[in-house]
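Contents: one structure, followed by commentary.
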Amino acid sequence: MAEKMAAGAFVFEPLANSPVGSVLYNEHLKLTDKSHIAEFAGYLMPLWYSSIAEEHSAVRQRAGIFDCTHMGALEIAGPNAESFLDAVTTNNVRALQVGSAHYSYLLDAAGNVLDDIIIYRRDKEKFMVVVNASNEPKAKAYLAALQAGKTKIDLAKPDRKIKTAPVRDMRDTQTGFDCRVDIAIQGPASPDVLCKLADASVGQQIKNLKSFTFCQAKLANIDCIISRTGYTGAKVCFELFVHPKDAPKLWQKLIDAGALPCGLGSRDSLRVEAGLPLYGHELDGPYNISPFEAGYGWAVKLDKEFFIGKAAMEKISKTCKMKVARLELSGEKGVRPVRQNDAVICGGLCVGWVLSSATAGSRQIAIVYMDKDKATEGNSVAIYYLARSESQKNKGRKQTVEQGERIIGDITGKVVSRFEKF
Amino acid sequence: MVPKGLLYTKDHEWAKIEGDIAIIGITDHAQNQLGELTFVELPDVGKEVKQKGELAVVESSKAASDVYSPVTGKVIEVNKALQAKPEIVNDECYGSGWICKIQITDKATTKNLMDTTQYEEYLKGL
């Protein structure tokens, strides 16, 4: 899709607040120089502690931990929780078992992606929904607008009503006893680290967890929701949801047990290497990318009787001509890194653009938005570097390249599988 | 530690003046901000550059940053070792990680650069 679907779009104007430290901010200051801490989604977060490459490889070889306490965690509970979530998200909430989680989307009535989320079913009538930090205020405002009947639900049937359920911000300690923030531990040695903090039976429980399942148990005497989920492409990965007051203690215990603290830099390079989407880049964003183009059509259940944005998704699922693909290019030192919006070239013509990129060892991985027909695995493609500086512009290097434009690439690579697991 | 005997810019370049030659590099603060460098675009030998004019581009996996010339002059030599090993800038930004040498044509341009003490103060204020 090229343009945002305006009719029926949920419009949200975020407040411009000055950034605050995450609940682990003081821990970060103990571990790294202040110059490595930057604002992200309203929080002061570590970009890296030692180096992006070192932290990236720690997750691939051993175990790394990430401050994800900035991610939103919302509780939706009560007798209508299931039907409310089933109507406002794209995946099949009715089929979600207690103790399981699934990936899903929050769409507006026009089909714009408001966020990509993970829904955890903690009980028959109790769910935890984890939303992106950058989208948390919007997601909360959207759910509140739905409850108040102040936003469109179905463009074709303006009188459609949905049952709503209360939403609680689980990171806000004013809202109740059961509060949660997210610390992720990712990589092959993660179970060893966790088992050092758990008694034998909990250790066994952790080892038995399958992908997208979770349990509630004590680690270092701290009550945790331990979930087999993550955002690094690691086959072995966990997220730990703990009370904000316990987060600094658990963080330190994980370090003591052998996990390496990792910043946002490696969080990004790991997810890029694995092909995982980031909202605003591979979803929504300037190209208004839909779940179908992003490779996640399976999380949009068109066979559900209704969900908000369904009509738009039915249309897009049949008409999209572009898709998100993953490319591999040389990443030796001294090779200029490809960057967002650089042009993807195939047969001498621009067929798409880079959405995200990262260096992983001696290769570069780029996630691109390109002509679906050209995105076959194994296909050779090239990248044209856009001008990065005034002098390059003056030498005639372009600042944008249009689709279909004839242009010579600077570096060659090939289309690889959409996702990779490690 | 900011080395003594060098001159500095607000954009975190350094210049070592030897007669009418200036050796140019980026400071420890700059390399630390960028993280591991993966690419350095060196200027062409013979390029004439004004003070604050674009001299080189340094790129890490996270950012691309222009390097501006601390002085007005002509590029007479570039550090070719950085083409294959840009990380030398991270390891030894004040030594073997130098970027280029410039024949200064306007000596007055060295006057408005900061000395070690002034640059240290400037860093504290950031």
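The values are calculated or read from the model by the stated rules, or taken from the named source; none is laboratory data. Predicted, not measured: the structure shown is a model, and the values here were computed from it. Heads up, the Cβs are rebuilt from the backbone with ideal geometry, glycines too, and the neighbour counts pull from every protein chain shown. Just so you know, the surface numbers come from the protein's heavy atoms only, side chains and all, with ligands and any DNA or RNA stripped out. Shrake-Rupley method; radii C 1.70, N 1.55, O 1.52, S 1.80 Å.
So how far, in whole Å, is the C-alpha centre of region B:87-124 from the one of region A:15-45?
Cα centres, region B:87-124 to region A:15-45: 30 Å.
Taking the Cβ of A:Leu15 as the center, what net charge do the other residues with Cβ under 15 Å away carry, scoring Lys and Arg +1 and Asp and Glu -1?
Overall, the nearby charge balance is -1.
Counting only heavy atoms of the protein chains, get the accessible area per residue of the protein assembly as shown (1.4 Å probe) and round it to a whole Å² value.
Numbers: 23340 Å² over 548 residues.
Ligands and nucleic acids excluded, the figure is 43 Å² per residue.
Provide the percentage of antiparallel DSSP beta bridges, counting only those with both residues in chain A; round to the nearest 5. It would help to have the intermediate numbers written out before the result.
On the way: 81 of 87 bridges.
Beta bridges within chain A, antiparallel portion: roughly 95 percent.
Once fully extended, how much extra length lies between A:Lys318 and A:Lys395, figured as 0.36 nm per residue of separation less the alpha-carbon to alpha-carbon distance? If you can, show how the numbers build up before the last one.
On the way: separation 77, 0.36 × 77 = 27.72 nm, distance 4.27 nm.
Full extension of this stretch gives 23.5 nm more.
Of the peptides A:192-204, A:130-142, how do they stack up when ordered by the mean number of other Cβ atoms within 10 Å, highest first?
Numbers: A:192-204: 16.8, A:130-142: 20.3.
Packing proxy ranking, top to bottom: A:130-142, A:192-204.
Using a 1.4 Å probe and counting only protein heavy atoms, arrange A:Lys321, A:Lys414, A:Lys304 so the residue with the most accessible area comes first.
The ordering from most to least exposed comes out as A:Lys321, A:Lys414, A:Lys304.
Separation of region A:121-145 and region A:293-365 by C-alpha centroid, Å?
What the calculation gives is 26 Å, centre to centre.
Measure up A:Lys152/A:Lys304; A:Lys318/A:Lys372; B:Lys16/B:Lys107; A:Lys207/A:Lys253; A:Lys318/A:Lys421 against 21 Å on the Cα-Cα distance and list the ones that go over.
Checking Cα-Cα distances, A:Lys318/A:Lys421 exceed 21 Å.
Percent relative contact order of chain B, based on C-alpha pairs within less than 8 angstrom and at least six residues apart?
Once divided by the residue count of chain B, the mean separation gives 32 percent.
Please name the residues of region A:303-342 whose accessible area, counted over protein heavy atoms with a 1.4 angstrom probe, falls by no less than 20 Å² between the chain alone and the full protein assembly.
Buried on complex formation: A:Lys333, A:Gly334, A:Arg336, A:Pro337, A:Arg339.
Could you sort the residues of region B:35-72 by number and keep only those whose accessible area is reduced by 50 Å² or more in the all-protein-chain setting relative to the chain alone, 1.4 Å probe?
The answer is B:Glu36, B:Thr38, B:Phe39, B:Glu41, B:Glu54, B:Glu59, B:Ser61, B:Lys62.
Would you calculate the separation in nanometres between label points at A:Lys235 and A:Lys218, each defined as 7 Å from the Cα along the Cα-to-beta-carbon direction?
3.3
Which percent of the accessible area of the protein assembly as shown is formed by carbon and sulfur heavy atoms (probe 1.4 angstrom)?
In the protein assembly as shown, the share of accessible area belonging to carbon and sulfur is 51 percent.
Using a 1.4 angstrom probe on the protein heavy atoms only, line up B:Trp98, A:Trp251, A:Trp298 by accessible area, largest first.
Ranking B:Trp98, A:Trp251, A:Trp298 by accessible area, largest first, yields A:Trp298, B:Trp98, A:Trp251.
So if the hydrodynamic radius of chain B is defined as the Kirkwood radius over C-alpha pairs, what does Stokes-Einstein give as its diffusion coefficient at 4 °C and 1.567 mPa s, in µm² per second?
Values: Rh = 14.2 Å.
The Stokes-Einstein estimate is 91 µm²/s.
Between A:Asp123 and A:Asp169, take the C-beta separation as r, use R0 = 25 Å, and let me know the FRET efficiency to the nearest 0.05. It would help to have the intermediate numbers written out before the result.
Values: r = 19 Å, r/R0 = 0.74.
Plugging the Cβ-Cβ distance into 1/(1 + (r/R0)^6) gives 0.85.
Just to confirm a number: summing +1 for Lys and Arg and -1 for Asp and Glu over residues other than B:Asp66 whose beta-carbon lies under 13 angstrom from that of B:Asp66, what do you get? All intermediate terms of the calculation are to be shown ahead of the outcome.
Values: positive: A:Arg388, A:Lys393, B:Lys52; negative: A:Glu390, B:Asp11, B:Glu13, B:Glu41, B:Glu54, B:Glu59.
Around B:Asp66, the surrounding residues sum to -3.
In deg cm²/dmol and to the nearest 500, what is the mean residue ellipticity at 222 nm of the protein assembly as shown if only DSSP H runs of at least 4 residues count, each as -39500 (n - 2.57), divided by the residue total? Don't skip to the end; give the middle numbers.
On the way: 15 runs with 117 residues, N = 548.
Roughly -5500 deg cm²/dmol at 222 nm, from the helical runs in the protein assembly as shown.
So how much accessible area does A:Tyr43 have, in Å² to the nearest 10, using a 1.4 Å probe?
Accessible area of A:Tyr43: about 50 Å².
Taking a probe of 1.4 angstrom, what is the accessible area of A:Ser83 in Å², to the nearest 10?
30
So how do A:18-31, B:5-18, A:62-75 stack up, highest first, on mean other-Cβ count within 10 Å?
The packing order, highest mean first, is A:62-75, B:5-18, A:18-31.
Which whole-Hz ³J(HN,Hα) couplings does region B:83-96 yield from phi under the Karplus relation 6.51 cos²θ - 1.76 cosθ + 1.60, θ = phi - 60°, glycine and proline marked x?
5, 8, 10, x, 5, 4, 4, 5, 6, 9, 5, 9, x, 5
Please report, in whole Å, how far the alpha carbons of chain A spread along each principal axis, starting with the longest.
If we take the Cα atoms of chain A, the spans are 61, 56, 40 Å.
How much accessible area is lost when chains B and A come together, counting both sides, with a 1.4 Å probe, in Å² rounded to the nearest 100?
Values: alone 6860 and 18310 Å², together 23340 Å².
In total, this chain pair buries about 1800 Å².
Taking the simple approach of a point 7 Å from Cα along Cα-to-Cβ for both A:Ile407 and A:Arg62, what is their distance in nm?
Modelled inter-label distance: 4.2 nm.
Once you put a point 7 Å from the Cα of B:Asp115 and another 7 Å from the Cα of A:Asp303, both along the Cβ direction, what distance in nm separates them?
Each label point is offset 7 Å from its Cα along the Cβ direction, giving 7.9 nm.
A:Asp159 to A:Lys372: FRET efficiency via 1/(1 + (r/R0)^6), r the Cβ-Cβ distance, R0 35 Å, to the nearest 0.05?
In this case the efficiency is close to 0.40.
Under the rule of at least 5 residues apart or a separate chain, name every residue whose amide H is placed under 5 Å from the amide H of B:Thr38.
B:Glu59, B:Ser60, B:Ser61
Tell me, which residues of region A:350-364 get at least 30 Å² less accessible area when the other protein chains come in, versus the chain alone (1.4 Å probe)?
Residues losing area: A:Thr359.
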